[in-house]
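Q: Sending over a structure as structure tokens; questions will come in a sec.
The values are calculated or read from the model by the stated rules, or taken from the named source; none is laboratory data. Everything numeric in this text was worked out from a predicted model, so none of it was measured. A quick note on method: Cβ atoms are made from the backbone with ideal geometry, for glycine too, and the neighbour counts reach across all protein chains shown. Accessible surface is based on the protein model in full, side chains and every heavy atom, while ligands, DNA and RNA are left aside. Shrake-Rupley method; radii C 1.70, N 1.55, O 1.52, S 1.80 Å.
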Amino acid sequence: MNVQDELILDAQATDVLFLEARTANSWADGEISEQTLQAIYALTRMAPTAMNTQPLRISWIRSAEARARLVAHMSEGNQAKTLTAPLVAVLSYDTDWHELMPTTAPHAAGMIPTFAANHALRQGMAANNAHIQAGFFIMAARAAGLAAGPMGGFDASGIDAEFNSGTQRKAFLVVNLGRPNGIVDRDRLHRLEFDAATQTL
Ligand SMILES: Cc1cc2nc3c(=O)[nH]c(=O)nc-3n(C[C@H](O)[C@H](O)[C@H](O)COP(=O)(O)O)c2cc1C
């Protein structure tokens, strides 16, 4: 089976989005414009979410002052690259997503009281759906010509105290962003084969 033969994307798009894209730990110099961030979000927000609830919230860390506050909460192995990335995004989910349902999910507005009364249900749905949005975020960054470095190694309560205080937002992923510099620090790790990861019933 030839993957490209089965796709409607052109080969360059397949490479940029999937086959050649790597998780980045260093980047070329160059600022990322506000317009690029807006384009990334314009694609990210098209991710499917349960009832269209869209729990993802993004903090763009641009200033040196905010960067220093963020880096202090990254695990040691993630600190240097988070300090040197051209831009960093903190991805959080909002457990109070139900408050926007009159706008995001008017078809399901009758369920607002059920969600309002059940924080655990909201939290589970927020985490699930925001992770789907995070996958779209990484792909959107690639589509904009950037290389993303997602990281889960950080003190989430520390980041929440810095950037999410007074809200019901919970940080779950920090993503370094910048233009690719062509440096590959290790070979691609093994990806599971079709038969190892799927079953046909
Ligand atoms: C949810 C998540 C958490 C991750 N956490 C870290 C991290 O804390 N530190 C790090 O260096 N890399 C982290 N990574 C990067 C992964 O190790 C990397 O994406 C994976 O090995 C695939 O690499 P590749 O895209 O170059 O093939 C994380 C990736 C994801 C998706």
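Q: Quick one: in segment 29-76, which of the residues that are assigned to a strand (DSSP E or B) and more than 13 Å from the chain's Cα centre (by Cα) is nearest to Pro180 (Cα to Cα)?
A: The selected residue is Ile61.
Q: Met111 is checked against (1) away from the ligand (no atom under 16 Å from the Cβ); (2) not in a helix (DSSP H, G or I) and fails just one. What number does that condition carry?
A: Single failed check for Met111: (2).
Q: A follow-up question, please. I need a count of the residues in segment 131-176 that are among the aliphatic types (A, V, I, L, M) and closer than 18 Å to Ala66 by Cβ.
A: 8
Q: Among Gly135, Gly124, Gly158, Gly182, which is the only one that is open to solvent by less than 40 Å² (accessible area, probe 1.4 Å) and either within 14 Å of the ligand (Cβ to nearest atom) or closer than 19 Å to Met46 by Cα (or both)?
A: The unique qualifying residue is Gly135.
Q: Moving on. Is one or more of the residues making up segment 18-26 away from the ligand (no atom under 16 Å from the Cβ), over 18 Å from Leu173 (Cβ atoms) and assigned to a helix (DSSP H, G or I)?
A: no
Q: Hey, another quick one. From (1) among the β-branched types (Val, Ile, Thr); (2) under 20 Å from Met139 (Cβ atoms); (3) open to solvent by less than 30 Å² (accessible area, probe 1.4 Å), pick out the condition that doesn't hold for Ile61.
A: Ile61 satisfies all of (1) among the β-branched types (Val, Ile, Thr); (2) under 20 Å from Met139 (Cβ atoms); (3) open to solvent by less than 30 Å² (accessible area, probe 1.4 Å) except (2).
Q: From Leu192, Leu177, which residue is assigned to a loop (DSSP other than H, G, I, E, B), within 16 Å of the ligand (Cβ to nearest atom) and either at pLDDT 95 or above or surrounded by 19 or more Cβ atoms within 10 Å (Cβ to Cβ) (or both)?
A: Just a single option satisfies the conditions, and that option is Leu192.
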